[in-house]
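Quick note: the coordinates plus some simple rules give every number you see, no bench work behind them. From a predicted model like this one, the values you see are computed outputs, not experimental measurements. Heads up, the Cβs are rebuilt from the backbone with ideal geometry, glycines too, and the neighbour counts pull from every protein chain shown.
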Amino acid sequence: MKAIMSARNRIIFIVIFFLLANSSGCVNRREVDKLGLLGVIAVDHVDNQTVVTMEVTKPRRLTGGGTAAKEPYVIVQTRGDSFFDAVRNATNKFDRKIFLSTCRIFIISETTAKKGIAEILDLWCRDHEGRESDYILIAKDTEASGILGISGGVDDVPSQYLTDLIRANSASSKSVAKRIYDFIEEYYSDGIQPTLGVAQIEKKAKPVEKKNSETLLEGTAVFKKDKMVGYLDGLETRALNFIKGKVKSGIIVTPSTEENKYDSVEIIKAKSKMDVSIQDKSPLLHVIITVNGMLGEDQSSEDISDLMVMKQLEKSAEEVVKKQVQNVIEKAQKEYGLDIFGFGLVVHRKYPDQWKKMKDNWDGTFSESNIQVEVKVNISRTGLFRLPTKTKMGK
């Protein structure tokens, strides 16, 4: 009996061994150095055709070495009757098939965005190689392809430079870092309209080198569903981020008590709360913003160790933030007629029955709604100095 069991075990082992041997490996494997590893893709429209510009990383063995090393990337540009057609047409002139999964940044021109970007993003969401985690930007006042040609940072590779720029921008909060899945979520949501970050080319005020232009990542593109309708500038964008609780850092510049002098308050932490109440069948919207900061710069000669002086500075900073928030709300209501903040989402959660009656015309209802803004600023630190720089020793 033991002999029979032992023979059976041997047979089972042999069968399993041959099955594993035949099933190992990747049937559809592709070697990395035979692929065009995509870093950035830019989409424009020219003569009713889609023009795609792509940054493709070179295999390391082709970049050389030393001071005369070749650029670690190449720029490929193709066109087609559709976005997918243009991407695939790259094989007609480029010696690698473009691999979409390595893409980091997706740039769309202003002209294309005004026509609608849902059809373009359809490929990215439908194809198995596309990644919805890619950052997405709108190219303002320039073709999307133009953004790829400028790098004003330490890293000259466009994809790495733009990725680092997006991440560094949280220090000012004057842009929005959106990924494709963020746009899709807002696009399909009732109660909020989508927004995207903006990239533009800015000339240097006083060029000190051959390159006289650099990429500026500031502002917000406002959408009605998938069609862009306008922009917010940097301060309006920070106000938008204040309302949505997305401010991580930044500088609040407030007038000093002395003429033509300013104080700068660095934002250490900020949070917000949006609320709504229904009065006479109409929504009353409310946003509360709390900011903790430190005095980063003092141009006056006021005694900042005086508690009353600090209270006055806090009050001044509150008025600046409140005014900026009110301005962006007014612009969203009167100029665009769109809820880009997500107040509709708050109404949906708090008053689901009333929301059913409002959602079909929510943007119109939002445009006519009263919005109360409350701002509280607390300055807890004054930096390394407790007195103004202008104060003389012993005074």
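Some notes on this structure:
- D (Stokes-Einstein, µm²/s), Kirkwood Cα radius, the stretch 258-308, 0.890 mPa s at 25 °C: 172
- Net charge over other residues, Cβ less than 11 angstrom from the Cβ of Leu123 (K, R count +1; D, E count -1): -3
- About its Cα centre, the dipole of the stretch 241-395 is roughly 560 debye, where the only charges are +1 on Lys and Arg Cβ and -1 on Asp and Glu Cβ.
- Cα gyration tensor shape of the stretch 32-232, rounded if a/c is under 1.5, else prolate or oblate by comparing a/b with b/c: oblate
- Farthest toward the positive end of the dipole of the stretch 241-395, out of Leu338, Thr257, Gln299, is the Cα of Leu338, where the dipole comes from beta carbon charges about the Cα centre.
- Of all DSSP beta bridges in the stretch 241-395, antiparallel share, percent nearest 5: 65
- Near the amide H of Arg381, within less than 5 Å, lie the amide hydrogens of Leu295, all on another chain or at least 5 residues away, with H placed in the peptide plane.
- √(5λ) per eigenvalue of the Cα gyration tensor, the stretch 191-277, largest first, Å: 27, 24, 11
- Near Ile379: Cβ cut-off under 10 Å, other residues only, Lys/Arg at +1 and Asp/Glu at -1. The net charge is -1.
- Dipole magnitude for the stretch 32-232: computed about the Cα centre from +1 point charges on Lys and Arg Cβ and -1 point charges on Asp and Glu Cβ, it is near 520 debye.
- With the convex hull drawn around the C-alpha atoms of the stretch 298-352, the volume per residue stands at 126 Å³.
- All C-alpha pair distances within the stretch 241-395, sorted into 10 Å bins from zero, spread as 10, 35, 25, 17, 10, 3, 1 percent across the bins.
- Where labels lie 7 Å past Cα in the beta-carbon direction, separation of Gln372 and Ser189 in nm: 2.4
- Percentage relative contact order, the stretch 253-395, counting C-alpha pairs under 8 Å, at least six apart: 34
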